[in-house]
Amino acid sequence: MAQKISIRLRQLARHNKDGQDLIEYALMAAFIAVAIAATFPTTIGPNICTIFIKVGSTLTQSASAS
């Protein structure tokens, strides 16, 4: 059973690449935001932290609504 699931997941990963670009861009944006926050910790850092908190709470609310 586990082998069938593993094979099916590999097939899906190989053929379904629709959301891949979006995830890559989101990770790049997060990395850039963290780098900027590390460079300017007292001026921009708290603002970026607030944005991440808002995004996290929105994702939590939408996940619980589903």
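The values are calculated or read from the model by the stated rules, or taken from the named source; none is laboratory data. Predicted model only: the values in this text are computed from it and were never measured. Positions of Cβ are backbone-derived with ideal geometry, glycine not excepted, and every protein chain shown enters the neighbour counts.
Inside region 19-34, can you point out the residues that are surrounded by 10 or more Cβ atoms within 10 Å (Cβ to Cβ) and modelled with pLDDT of 75 or more?
Glu24, Tyr25, Ala26, Leu27, Met28, Ala29, Ala30, Phe31, Ile32, Ala33, Val34 - these are the residues of region 19-34 that are surrounded by 10 or more Cβ atoms within 10 Å (Cβ to Cβ) and modelled with pLDDT of 75 or more.
Taking Gly56, is it surrounded by 10 or more Cβ atoms within 10 Å (Cβ to Cβ), out of contact with any Asp or Glu (no Cβ under 6 Å at 6 or more places or on another chain) and modelled with pLDDT of 75 or more?
yes
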